[in-house]
Amino acid sequence: MTTPSAEGARPADAGRASSPNSHVTDATDGADAMDTPDNARDLPQASTDPQASTDPPASDGDPSAPPLLRLVDIGKSFGPVRVLTRISLDIPPGQVTAVVGDNGAGKSTLIKTISGIYTQDEGQILWQGRQVHLHTPKDATDLGIATVYQDLALCDNLDIVANMFLGREEVKHFQLDEIGMEKAARQTLADLSVVTVRSVRQAVGSLSGGQRQAVAVARAVMRQAKLVILDEPTAALGVTQTRVVLDLIKRLKSQNIAVIVISHNLTDVQSVADRIAVLRLGRLVAVGPASQYDAESIVDLMTTGTSKRLAATSAEPSAGSPSEH
Amino acid sequence: MSTDVQGPPPEASESGDIAAEVALSSPDVIADSLGEYAKIWVARVRNGDSGALPVIAGLVVIVIYFQARSSLFLSADNLVNLIGQAAWIVMLGMAEVFVLLLGEIDLSIGYTSAVGATFTCWLLLPPHPAPWPLAVLVGLAVPAVFSGLQGLIVTRLRLPSFVVTLAGQLLALGLLLEVMNSAAPSGGGTIRLYNSVLVDIYFGSLSPVAGWIVMAAAVALAGALFLVRDSRRRASNLTAPPLSVTLLKIAAMAVAGVVVVLVGNTNRGAGTAVVRGVPWVVLVVVVVLVAWSVLLGRTRFGRYVYAIGGNAEAARRAGISLSRIRVLAFTLAGLTAGIMGILYTSYLGSVSTGVQGGQLVLLAVAAAVIGGTSLFGGRGKMVGAVLGGLIVAVIYNGLELLGLGAAPQYIWTAVVLLAAVTVDTLARRRSTTA
């Protein structure tokens, strides 16, 4: 688990630092090249040399484990519109990271960059300590990054097994290996404790919203995903269905699969996230253990980029008031 | 089994029964008993995904009606005639299934099949006929390539297939006139089929004994395959259809086979001539039906056709090459149309520029849709096109037998087609708004 004390202990330099491992990134980083000398953890990222990352810095979760995914100063523009500005974020393995932000904060662009749909203009993506270039969605899925979009991309007319294996059907004697695929699909769903479907031969169109989400996630898991990105997984769901999906996320975590959840729903975020990253106007205004934030401080961060409330509890300092940008 | 912490899915919340939940699923693999199978099946019919039985029921009703009006209808003579008429409608219907499953349509295949058949007849012209397999190959390749190119245009330029293939229909008619002009300059727009093998598709028959043997072997083989598949599923601890259901299916196949052979083996010769046996064309249709059913149901290609028809964007994100599958499906539609062209030529003994290619293709679409293929893509089966084609053929044959002219034939086909499309659309609306 994360150690809030380690984060909270250095509010002073965190407020100015912009290194990837810091918990605050903002426009003041022009001056930070010379600061944080006391923080050894920041040194390796200061170098853009991928060699340096062979001895990666510890993530704040588990000091011995490198982050699964590390974003270093990611920037992205669409023409004159700057959508992402120097985003630095670590995704530790086996934890749930919630990315929250208002509309237009850059959440979608960020996950599309991670899932290979967009290529960043600036910065680097490090996967398990190695620099990677994600030019196509396939690059990302090959690494083990699976993205489940809001529309789930399921074929309603096909059954669960066919959807889970879509594009990766197993063939035996020139025919689809239906028995093998059905067994594997059942196993995967059982591992995720998806017990509510009557039969894996049901057409996906007959499933409820939560079950559909489960099928989409199970498909990702079956492809050996190490990181699953969920885009607004509970947006269209009722209370019970939402609970099914949140349980599913916890199950992924228990299988040591890292999860990034994009969400508007702060209640869901707080019930499931280990870490929270707040985006505002394309900048990461705060990131840290979920326990340090309450709903009000998250809303403050999402809307203004700072939270007095947070400062008062000294849990996680924030910086980068809008006027500075 | 389905009771748990989770509430019922929204679409089932009103009635609260399992029927709605499984309405879109195959009863084969969900039901544990005959009773449950029937219950699930009824739910599916209400959702429009009816399978074969309602179509068969409709067919039986129409047959009874015509038999009541004319005792000649069920005579062996007329039934063999009916099989002949049905064969090419069925074949063209199967061609259309490939593209309809994608949510596309091919309006050109009525004329391209005639273009292909003209090439075949041309190559077989005396005094120097080419080997007939080569002539057939050319006759199949021409419509296949034509439709494949249309598919390429539809995918690459992202044009609606309706418009592209409407243009293709006109182009094919032009090609037909042009090719005919070169092949038989003095034929008055007609070229005869000079090959006895191809003529025998319609006018030759298996011997009565061979008919029984082939039928028995086919039913036994199919039945064995069904049973082996079921037992494999059970051995792997997966649900399989109840044994009673599988046995019923095999029995139905056997009954259909016996009826066809009995009808075929009845003497239908005029005067002293004895003509008996199942026409070869039946075998051709059955072989194509089995081959295409396996292709659609048991291979990656088939799976991708359904996936693209269901949700093309999902298929694309799954890494499926949409353009490759689409072009291949169009090509197969053309190829099947080519087979139909040969059958039609065998039936008439010649190819003519007077062929009603536009009407043929509409009958083919009607056959496919009556047989349960959705115009919106993603739903339908080859066997449905066979049953739908039989319904269209029965209407034509029956009304002709009653001495009624073309007008009621068109009107009744229109009524049945409209009914089928209405069912299809209502079912779709129901499943999307549920």
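With 39 Å as the cut-off, how large is the P(r) tail for chain B, expressed as percent of Cα-Cα pairs? Looking at chain B, the distances longer than 39 Å represent 22 percent of pairs.
Scalar couplings 3J(HN,Hα) for the stretch A:211-218, obtained by applying the Karplus form with A = 6.51, B = -1.76, C = 1.60 to θ = phi - 60°, are 5, 4, 4, 4, 5, 5, 5, 4 Hz; x denotes Gly and Pro. Taking θ as phi - 60° and the Karplus parameters 6.51, -1.76 and 1.60, the scalar couplings of the stretch B:206-215 work out to 5, 5, x, 5, 4, x, 4, 5, 4, 4 Hz in sequence order, x denoting glycine and proline.
In summary, the stretch B:292-353 shows an alpha-carbon radius of gyration equal to 1.48 times the 2.2 N^0.38 Å reference for compact globular proteins.
With 0.36 nm allotted per residue and the present C-alpha distance subtracted, the B:Q356-B:L157 stretch has 68.7 nm of extension available.
Separation of the alpha carbons by more than 24 angstrom is noted, of A:K138/A:K226; A:K107/A:K253; A:K107/A:K226; B:K39/B:K381; A:K183/B:K249, for A:K183/B:K249.
Using R0 = 35 Å, the C-beta based FRET efficiency linking B:S236 and A:A236 works out to 0.45. Assuming charge only on the beta carbon of Lys and Arg (+1) and of Asp and Glu (-1), the dipole of the stretch A:154-224 about its Cα centre is about 140 debye to the nearest 20. Ranked from largest, the principal axis spans of the Cα set of the stretch A:154-224 equal 35, 24, 19 Å.
Every number in this text was worked out from the coordinates using simple rules, so none of it is lab data. Here the structure is a predicted model, which means the values were calculated and not measured. Ideal geometry is used to build each Cβ from the backbone, glycine not excepted, and the neighbour counts take in all protein chains shown.
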